[in-house]
Amino acid sequence: MVSAALLSAIAISCFVAAARLRRASWPRRGPYVAVIVWQVLGLAWGFSTIGALLAFGLAPYGRGVVGGLVALVQDAGTHGLYLSEIAGTSFGATQVGAVILAFSLTLLLFSGLVASFVQVLRVRRRHHDLLGLVAHDDPEVPGARILDHPAAAAYCLPGVLRSEVVISAGALEVLDRSELAAVIAHEHAHLRQRHDLVLLPFSSLKRAFPHVRMVETHYRAVALLIEMCADDQARRERSPKELAMALLRFGASGTAHVPAGALAVTSDEPEVLTRVSRLLNPVQQLSRRQTTAVLSAAVALLGTITVLWSLPV
C-alpha cells in the first residue's frame, strides 16, 4: 500500500502548500503563475485524495489504481456486488468503504462543477436578456452598456456568443473620464482572458463544501489574484493611477449588488487597499528563472500523482 501512503502524504502536503501560498508575498509579483499553482494544487489534492482511497481499497488486486479499477469492473461483472478479491481480505469492509468513499467524492466534485456551470449559464442568460430591456449604449462610454441605477457598479458579464461590460449611472457620477476608461479596460481584460472559467473550479468547490471556511478563504485568494491579472492588463492601456483612483472611489461609495457569474469591481476594503497599493507601488515581477522553477514544480507534482496512480503497488 505504498501508493496509498504516498498519495495521502501528497494530499496533506497540498493543504499545507495552499495555506502557505495564501500567506506568501510572491503571488503579487506573478499573479498569473500563482493562479496556475492554485489550479494545480486543487487538481493535485483531488486526484491524490481519491487516488489514496482507491489505492488502499483496491490493494488486494495488486495492480495499482488504474489496473485495480479495471479489475474491480471485471470482478463486479463476475460476482455482482460481492467483490471477491476485496471482501475476502482482513480489511475487506474497510477497503470496500474506501472505494465507495472515493467514488462518492468523485461524484461530489464532478456534480458540483457541472451544477455551478449550469447555474452560471442560466443566470447569465437571464441577466443578458434583462440588460437588453433596461440597459442602453452611450457614445460617450464606448465598450460598455449603461444601466440606470443610482449605486456605483461596474462589472462584466461573460457569455458564449455575447459578452458585455456594464457600468451603472452611479459609477458615471463618481468616476472621471480617465478613471472610467481604466475600469472598462480592466473589465475587458476579464472577458478576453475568460477569467470566469478560471474561477469556475473554485466556485464548484464552494458549492461542494459550502460550510468549509478554508474553501471560502482560498476562493477569495484566487479571486483577488484574478483581479490583479486584469489590473496588469489594464495598466498596459491606462495609467495605474487612474485605475487605483477608480478603485478608491468605488470603495468609498460602496458598490451595488451584481448578478452571480459576473466579475465586478468590489468595495471590499482589504482587497481594494491591496490592489491600490500594488498599482501605486509596483513590485518587481517574477524572473523567468523563478517562473520556470515554480511551473516545473507544479508539473512534477502532477506527474508524480499520475505515476502513483499507475504503479502496481
Which three extents, in angstrom, do the Cα atoms of the chain have along their principal axes, listed largest first? 75, 46, 30
What is the distance, in nm, between label points placed 7 Å from the Cα along the Cα-to-Cβ direction at SER287 and at THR217? 3.2
Leaving out ligands, DNA and RNA, what percent of the accessible area of the chain is carbon and sulfur, probe 1.4 Å? 63
Could you derive backbone 3J(HN,Hα) for segment 35-52 from the dihedral phi with the Karplus parameters 6.51, -1.76 and 1.60 (θ = phi - 60°), listing whole Hz in sequence and x where the residue is Gly or Pro? 5, 4, 4, 4, 5, 5, 4, x, 5, 5, 4, x, 5, 6, 5, 5, x, 5
The chain, relative contact order in percent, only Cα pairs under 8 angstrom and at least six apart counted: 25
List residues of segment 168-194, by number, whose backbone nitrogen lies under 15 Å from a label position 7 Å along Cα→C-beta of ASP148. 168-170
Which value, in Å², gives the accessible area per residue of the chain when a 1.4 Å probe is used on the protein heavy atoms? 51
If you project the alpha carbons of segment 128-225 onto the principal axes, what extent comes out on each, in Å, largest first? 44, 28, 25
Could you pull the Cα extents of segment 110-160 along its three principal axes, largest to smallest, in whole Å? 44, 22, 18
Over the C-alpha atoms of segment 20-70, what are the Rg and the largest Cα-to-Cα span, Dmax, in Å? 16.3, 48
With the crude spin-label approximation of a point 7 Å out along Cα→Cβ, what separation in nm comes out for VAL174 versus VAL134? 1.9
Long-range amide H partners of ARG145 with built H, under 5 Å: VAL165, VAL166, ILE167
Rounded to the nearest 500, the 222 nm mean residue ellipticity computed for the chain from DSSP H runs (n ≥ 4, each -39500 (n - 2.57)) alone is -23500 deg cm²/dmol
Size of electric dipole in the chain: Cβ of Lys, Arg +1 and of Asp, Glu -1, about Cα centre, debye, nearest 20: 740
Degrees, to the nearest 10: 195-208 long Cα axis against longest axis of the chain: 50
Which distance in Å, rounded to a whole number, links the C-alpha centroids of segment 100-156 and segment 197-241? 15
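The values are calculated or read from the model by the stated rules, or taken from the named source; none is laboratory data. The shown structure was predicted, so the numbers you read here are calculated from the model rather than taken from an experiment. Positions of Cβ are backbone-derived with ideal geometry, glycine not excepted, and every protein chain shown enters the neighbour counts. Note: accessible area is taken over every heavy atom of the protein model, side chains too, but ligands, DNA and RNA are not part of it. Shrake-Rupley method; radii C 1.70, N 1.55, O 1.52, S 1.80 Å.
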